[in-house]
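What follows is a short report on a single structure.
The values are calculated or read from the model by the stated rules, or taken from the named source; none is laboratory data. Note that the structure is a prediction, hence the values are computed from the model and not measured. With ideal geometry, Cβ positions are generated from the backbone for all residues, glycine too; neighbour counts draw on all protein chains shown. Heads up: the accessible areas ignore ligands, DNA and RNA and are worked out on the full protein's heavy atoms, side chains in. Shrake-Rupley method; radii C 1.70, N 1.55, O 1.52, S 1.80 Å.
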Amino acid sequence: MIEQKRADPKRITPQSEDFDRWYVDTVLRAELADYTPVRGCMVIRPYGFALWENIQRALDDMFKRTGHENMYFPLLIPESYLAKEAQHVEGFAPEVAWVTRGGGKELEEPLAIRPTSETIICSLYTDWIHSWRDLPVKINQWVNVCRWEKRTRLFMRTTEFLWQEGHTFHETYDEAADEVETMLGTYRELHEDWLAMPVIPGRKTDSEKFAGADYTVSIEAMMKDGWALQAGTSHHLGQNFTRAYGIQFTDRGNELQHPYQTSWGLSTRVIGGLIMSHGDDAGLIMPPKVAPVQVVVVPIVRSNDAEGSALVEEAVARIEREVAGSVRLRVDRREGIRPGEKYAHWELRGVPLRIVVGAKDLAEERVTVVRRMDGLDQMLPLDGLAARLPQLLAETQAAMFARARNELEERSVHVTSLAELVAAFAERPVFASGPFCNRPECEVRIKEAVHALTVRNLRADRTADGAPCIACGDPADHVALTARAY
RNA sequence: CGGGGCGUAGCGCAGCGGUAGCGCACCUGCUUUGGGAGCAGGGGGUCCCCGGUUCGAUCCCGGGCGCCCCGACCA
């Protein structure tokens, strides 16, 4: 294996050989991100950041449509603020980074670098919420947060990461519950419609919920190695924080009440999920809707054919002109680099469509269009090509989602007992679902049945209808999704 | 935080008690261009750090630091 690597340093590790190394090779070689001198902290390079910006824009537009506003809270949080909600502190304590010095001297009170912002937000909103007329409050912020992780991985788990965190306050428990569902739906829309990633929504078990939440819901996506990735979470915080922080409002009946609160977040981890959902041994495969470059044009020029080369350049210029910003198009005019290397370069970066413009095809007024996801190639007339690109991209987007959904379905099983659960994982990691009573001791038995197995969520799209729990046999209400998870 | 491994050019590595090399990448020129081109030339190193042994240490010894991999915790 090492010999092979030496023989061909350009090669990225095949997925079948070592999926984790494939992932790291791809992230680095596609120039999405790189390591930095600070342990656990990565740099997001322009190509990776362009992808993040596209995701950000899509999500932000959805937030705005549902009446959310962006604002910004400080990075540093006083220790005393963080400490008010007991469960929350306990949950986050091990991963909080502290600032203890500033201005050349010890601080009187240590400042936490935010691991999330519930505490500072509640502290400030105490002054801003007084009446039912002040509700609901629906805000969001796009920020960095810091969690001291022991084992880090590019995009998947880094000490500092970028995310959005939404925070809302409501008059009633049910209104907050609706918000929790709405935002999980937003995340689902992002994944399925933009990232071409099918997801499974459901409720987290108590052991997996957010520290300080009444309950947490998640969407879970399947990576190409069969492992699950929690792709977005939305929490009902009840009155846990608003009581702890003394947020009160006078309700419509002139009674003093604590508002009900939600929070929900999605991080740059989603990029890791995108990579591992679609990529292949040639590198990334970007869904067109978020691809930084949607179409790349490779001109084939010959130094001994000035006439043909001029025709090629003319055709390329025509494509550029007619596209006129309707798709994100890049022409690879680099000199001294042969076409094959250009193909490999853009395939590694996952560009959905490649247009090859050469004199041979142009003789028939045509160009070659190749689809990254499956190598499908076709000859299309130059005439009207630009107008067809949006449609080709839309077809690609749909085909990517369909393929991912098929893979998810093929790799999902229903089980009715622990024995079946164990058998399901005998060959390879899968998504196994089965009736579950939701008792902590049964969750433990399930986790212990298969190495590294976890209950991902209680599926929102299935009910057990009293079928026997796979662990204890008692009538169960839920269907648990179990999988190995990142 | 336990177990293992590694620190030599940007990356991957070799090497040796006598002051350092290979592949890839990079730069220049020429020839090339329908699947990761060829030839020629070139630049680039506190050999992780600090001590010790030695006439002499990148190499041997001691200590430190850092990183990676595997396990317990996590969006």
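Observations, loosely collected:
- Reciprocal of mean inverse Cα separation for chain A (Kirkwood radius, Å): 25.0
- Modelled label reach - A:Cys472, point 7 Å along Cα→Cβ, the range A:404-448 residues with backbone N closer than 17 Å: A:417-418, A:434-448
- Count of Lys pairs (Cα-Cα under 26 Å; at least 8 positions apart or interchain) in chain A: 24
- Whole-angstrom gap from the range A:111-149 to the range A:183-229, using each part's C-alpha centre: 22
- Here chain A is treated with +1 on each Lys and Arg Cβ and -1 on each Asp and Glu Cβ, and its dipole about the Cα centre works out to around 1180 debye.
- Zone of A:Asp251's modelled label, taken as backbone nitrogen in the range A:93-133 under 12 Å from a point 7 Å along Cα→Cβ: A:132
- On the basis of the beta-carbon distance and an R0 of 30 Å, A:Glu427 and A:Asp377 show a calculated FRET efficiency of 0.30.
- Spin-label model distance (nm) - A:Gln141 vs A:Ala324, 7 Å beyond Cα toward Cβ: 4.4
- Computed with a 1.4 Å probe on the full set of protein chains, the accessible area for A:Arg459 sits at about 30 Å².
- Solvent-accessible surface of protein heavy atoms, probed at 1.4 angstrom with all chains present, puts A:Tyr343, A:Tyr125 in the order A:Tyr343, A:Tyr125, largest first.
- For the pair A:Ala399 and A:Ser207, label points projected 7 Å from Cα toward Cβ lie 4.3 nm apart.
- Taking the 1.4 Å solvent-accessible surface of chain A as the whole, the part contributed by carbon and sulfur is 49%.
- Using a Förster distance of 45 Å, the FRET efficiency for A:Val444-A:Ala344 (Cβ separation, nearest 0.05): 0.40
- Accessible surface, chain A, averaged per residue in Å² (probe 1.4 Å): 45
- Computed extension length for A:Glu407-A:Glu53: 124.7 nm, one decimal, from 0.36 nm per residue of separation with the Cα-Cα distance subtracted.
- For A:Arg39 and A:Trp98, the FRET efficiency from 1/(1 + (r/R0)^6), where r spans their Cβ atoms and R0 equals 22 Å, is about 0.85.
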